[in-house]
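The values are calculated or read from the model by the stated rules, or taken from the named source; none is laboratory data. The model shown is predicted, which means the values in this text are computed figures rather than measured ones. For neighbour counting, all protein chains shown are included, and Cβ atoms are generated from backbone atoms with ideal geometry for every residue, glycine included. Side chains are part of the model used for accessible areas, which takes the heavy atoms of the whole protein and leaves out ligands, DNA and RNA. Shrake-Rupley method; radii C 1.70, N 1.55, O 1.52, S 1.80 Å.
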Amino acid sequence: MSDRLIHQIYQTTRAMTKSINQLLEVYGLFSSEWTIINSIKLHGEMTQSTLADYLNIEQAAISKSLGKLEKKGLIERRPGEDKREKYVFLSQTALQQYPEWSRVIAAHREQVLAGLQEKELKGLTKLLNKIRQRV
């Protein structure tokens, strides 16, 4: 049973990522980039290491993704007081486009979760959190 459950979790997250990538392709974004942009938008300017910790992404991977977003003109970085520390924030371009990206993602989530009752959503969230705490 546990193999089937883990397989289902992987397949579900892969399918969701694939469909989000298809939706965001028209904007030149990937789901991983959206996750970074959304985190910065919701939590404000933060250091790269804080962002990496928050998203549970390795420093090298976050640095690579931020480099791509910077080349696209969607984020900016500035040094902190400690020269090794870099703060990340959204560019004006990203702030202007954010409402459209957010609308597309919200519609996707609504479609994916349609038909699930609030009780089911809360139960699933609780179960997934419980699993994640054991990883």
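Between a first residue in the range 91-106 that is more than 19 Å from E76 (Cα to Cα) and a second residue that is open to solvent by 50 Å² or more (accessible area, probe 1.4 Å) and in a helix (DSSP H, G or I), which pairs have beta carbons less than 6 Å apart while being 6 or more apart in sequence or on different chains? These pairs meet every condition: V104/L23.
For S65, the conditions (1) among the hydroxyl-bearing types (S, T, Y); (2) under 15 Å from Y87 (Cα atoms); (3) at pLDDT below 95 all hold with the exception of (3).
Considering (1) touching a helix residue (DSSP H, G or I) at 6+ places or on another chain (Cβ under 7 Å); (2) in a loop (DSSP other than H, G, I, E, B), the lone condition that E81 does not fulfil carries the number (1).
Of everything in the range 74-90, what is without any contact (Cβ under 8 Å) to a residue 24 or more places away in the chain and over 18 Å from the mean Cα position of the chain (by Cα)? Give them in sequence order. Listed by number, the residues that qualify are R78, P79, E81, D82, K83, R84. The number of residues in the range 16-74 being open to solvent by 50 Å² or more (accessible area, probe 1.4 Å), aliphatic (A, V, I, L, M) and under 14 Å from F89 (Cα atoms) comes to 1. Any idea how many residues of the range 82-108 are modelled with pLDDT of 95 or more and open to solvent by 90 Å² or more (accessible area, probe 1.4 Å)? The number of residues fulfilling the criteria is 3. Taking the conditions exactly as written (in a helix (DSSP H, G or I), in contact with a strand residue (DSSP E or B) (Cβ under 7 Å, 6 or more places away or on another chain), at pLDDT 95 or above and charged (D, E, K, R)), does K119 satisfy them or not? No. Under the condition of being part of a helix (DSSP H, G or I), aliphatic (A, V, I, L, M) and in contact (Cβ under 8 Å) with a residue 12 or more places away in the chain, the residues counted in the range 38-71 number 6.
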